[in-house]
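A.B. asks: The structure is given below, and queries will be raised subsequently.
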Amino acid sequence: MQKELLLENIDKIHTTEMGIDRIKKNLKIETEDVVEYCKNKIRDSKCNIYKQGKNWYCEIDSIKITINSYSYTIITAHIIH
């Protein structure tokens, strides 16, 4: 299953400086370690992980995290309603 592939490579997940600011703003969070925050969401057994095109999408707790499937870069995260 594809979900396992992302979880097996969770240590590769990272983001850019701009990504950190974008994620904090979009999710309205103040946490210092945005990547760890996202990884914890992804590790949650209730997280719906699926791959579409070149991206992984991880949905949990009304948020959607978008990760590039080649570079494992967190592109963005949004609150979903």
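The values are calculated or read from the model by the stated rules, or taken from the named source; none is laboratory data. Treat the numbers as computed from the prediction; the structure is a model and nothing was measured. Cβ: placed from backbone, ideal geometry, glycine included. Neighbour counts: every protein chain shown.
A.B. asks: Looking at the range 31-40, is at least one residue in contact (Cβ under 8 Å) with a residue 24 or more places away in the chain and over 15 Å from Y72 (Cα atoms)?
C.D. replies: The answer is no, given that none of the residues of the range 31-40 is in contact (Cβ under 8 Å) with a residue 24 or more places away in the chain and over 15 Å from Y72 (Cα atoms).
A.B. asks: Condition first: under 11 Å from the mean Cα position of the chain (by Cα), of a type in the set (F, W, Y) and over 15 Å from N9 (Cβ atoms). Now tell me which residues in the range 48-66 satisfy that.
C.D. replies: Residue satisfying the conditions is Y57 alone.
A.B. asks: Residues being in a strand (DSSP E or B) and within 20 Å of I80 (Cα to Cα): count how many of those fall in the range 3-60.
C.D. replies: 11
A.B. asks: Tell me which residues, restricted to the range 32-67, are surrounded by fewer than 15 Cβ atoms within 10 Å (Cβ to Cβ) and within 18 Å of D21 (Cβ to Cβ).
C.D. replies: If the condition is that a residue be surrounded by fewer than 15 Cβ atoms within 10 Å (Cβ to Cβ) and within 18 Å of D21 (Cβ to Cβ), then E32, D33, E36 are the ones that fit.
A.B. asks: Consider the range 3-30. How many of its residues are exposed (fewer than 11 other Cβ atoms within 10 Å of the Cβ), under 14 Å from Y72 (Cβ atoms) and modelled with pLDDT under 95?
C.D. replies: Selection size over the range 3-30: 0.
A.B. asks: Within the range 35-47, how many residues are closer than 14 Å to K12 by Cα and either aliphatic (A, V, I, L, M) or in contact with a Lys or Arg (Cβ under 8 Å, 6 or more places away or on another chain) (or both)?
C.D. replies: Selection size over the range 35-47: 2.
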